[in-house]
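Q: Sending over a structure as structure tokens; questions will come in a sec.
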Amino acid sequence: MIKRRKTRTVEVGNIKIGSDHPVVIQSMTKTNTSEIEKTTRQIRSMEAAGCELVRVAVKSPEDASAIAEIKKGITIPIAADIHFDHTLAIKAIASGADKIRINPGNMKSPKDLDRLINCALEKNVPIRIGINSGSLEEVSRAKCPSDVMADILLKYLESFQRKNFHDIIVSIKSADVVSTWLAYKKAAAGCDYPMHLGITSTGLADDGIVKSSIGIGSLLLAGIGDTIRVSLTDTPILEIETARRILSALGARHFGPQIISCPTCGRCQVDLIPIAKKLEIEIKNRFKTKNEYKKPLTVAVMGCEVNGPGEAKMADIGIAFGKNKGVIFKKGKIVEKIEAFRAVERLMELVGQ
Ligand code: SF4
């Protein structure tokens, strides 16, 4: 079990964020927010994939106003992503945004910040203070970017604390996994606000998934992180699926059976890779809803009698193959022997609904 860092709880719409609550999956739309129908459609597909909090870019008054209409067609809370102009944040709050994200790199005027904090206090809307290394000049010049990012964040928090505003979530994203990790560690030691995790600008899916898994996963393992967003140069659906996989791999949340399958080697006497792939597709189709399961369920698919029976026994359901046949285990006990071509069908029957 991961021991979470103790944080305050921050309410965003109908969800609670912080150490007493499950790690929340976020993503961001890739549409022009003022195109209401298109944006609403994208958010609904994100909801169906398991997104629990959506962020939209607000770069104009039209985008801010669109939030009121978009909210009518969705069920998850919506966060408005604001840069440069505090009046857009105030407009987004008036339009019903459940959370505001601002960037200390481009919202520096104490007067503007005061106005925004007053408005958020009055309307009870939380603010995410999201550092992004790309928008801080000091970071590009720094010998130790992680220290600079964390220090800027902690200093910025003072304006909020002076006004007794604590509905805050923080994030410190950079494209560099190690700098991000160090910055989060330092900031986590300096405040008790929930943290939103992410590695920014990770690139296309293959590299992005690896960087996000290492960065987000290692922080979660260290107990840091209360919401996550995987950023990919790809669809938001892939971002959400990856976020779910990271949380499942850590045992932090359970969204369906986990497959444990061996890499195969010269001892394998069955065509195991297509069997495992078919099983994965069947499981994905059956468990594609955003439902969450209280208990993990593991299904082992093993290629031979060396590690196979051991892994298959430890899983909830498992199969250890021999020559074109397999022995099925359930909760550690052999339940039957079957032909390899029937394996997927039978395992799915045992997995149930
Ligand atoms: S379980 Fe058997 S077939 Fe699979 S990798 Fe291990 S030794 Fe090879």
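Rule-based calculations on the coordinates, nothing more; no lab input. In this text, all values refer to a predicted model and were calculated from it rather than measured experimentally. Cβ placement follows ideal geometry from the backbone for every residue including glycine, while neighbour counts extend to all protein chains displayed.
Q: Hey, what do the phi angles of region 72-78 turn into as Karplus ³J(HN,Hα) couplings, whole Hz, using 6.51/-1.76/1.60 and θ = phi - 60°, x for Gly and Pro?
A: Per-residue couplings from phi come out as 5, x, 10, 10, 9, x, 10 Hz.
Q: Moving on to the next point. Rounded to whole Å and sorted largest first, list the principal axis extents of the Cα atoms in region 259-353.
A: Each principal axis gives a Cα extent; for region 259-353 these are 38, 25, 21 Å.
Q: For the chain, what number results from the quotient of the Cα radius of gyration and 2.2 N^0.38 Å?
A: 1.12
Q: Give the relative contact order (percent, whole number) for region 116-198; include only Cα pairs under 8 Å separated by 6+ residues.
A: 35
Q: Determine the sum of side-chain charges near L238: Lys and Arg each +1, Asp and Glu each -1, restricted to other residues whose C-beta is under 12 angstrom from that of L238.
A: Summing Lys/Arg as +1 and Asp/Glu as -1 gives -1.
Q: Using 0.36 nm times the number of residues separating I237 and R141, minus their current alpha carbon distance, what extension gain do you get?
A: Going from the current span to full extension adds 31.0 nm.
Q: What number in nm² do you get for region 88-207 if you take the convex hull of its Cα atoms and divide its surface by four?
A: Averaged projected hull area, Cα only: 8.0 nm².
Q: If you plug each phi of region 191-197 into the Karplus form 6.51 cos²θ - 1.76 cosθ + 1.60 with θ = phi - 60°, what whole-Hz ³J(HN,Hα) values come out, in order, with x for Gly and Pro?
A: Taking θ as phi minus 60°, the curve returns 7, 10, 7, x, 10, 9, 9 Hz for region 191-197.
Q: With the contact rule set at Cα under 8 Å and sequence spacing of 6 or more, what percent relative contact order holds for the chain?
A: Across the chain, relative contact order equals 14 percent.
Q: Now for a separate question. Rounded to the nearest whole Å³, what is the per residue volume of the convex hull around the Cα atoms of region 181-338?
A: Expressed per residue, the convex hull around the Cα atoms of region 181-338 is 144 Å³.
Q: I want the local charge near N307. Using Cβ-Cβ distances under 12 Å, sum +1 for each Lys or Arg and -1 for each Asp or Glu among the other residues.
A: Summing Lys and Arg as +1 and Asp and Glu as -1 gives 0.
Q: Find how many whole Å separate the alpha carbon centroid of region 198-259 from the alpha carbon centroid of region 295-350.
A: Using only Cα atoms, the two centres lie 28 Å from each other.
Q: Give the residue from I317, C265, S212 lying farthest towards the positive end of the charge dipole for the chain; charges sit on Cβ (+1 for Lys and Arg, -1 for Asp and Glu) and the dipole is referred to the Cα centre.
A: In the chain, that residue is I317.
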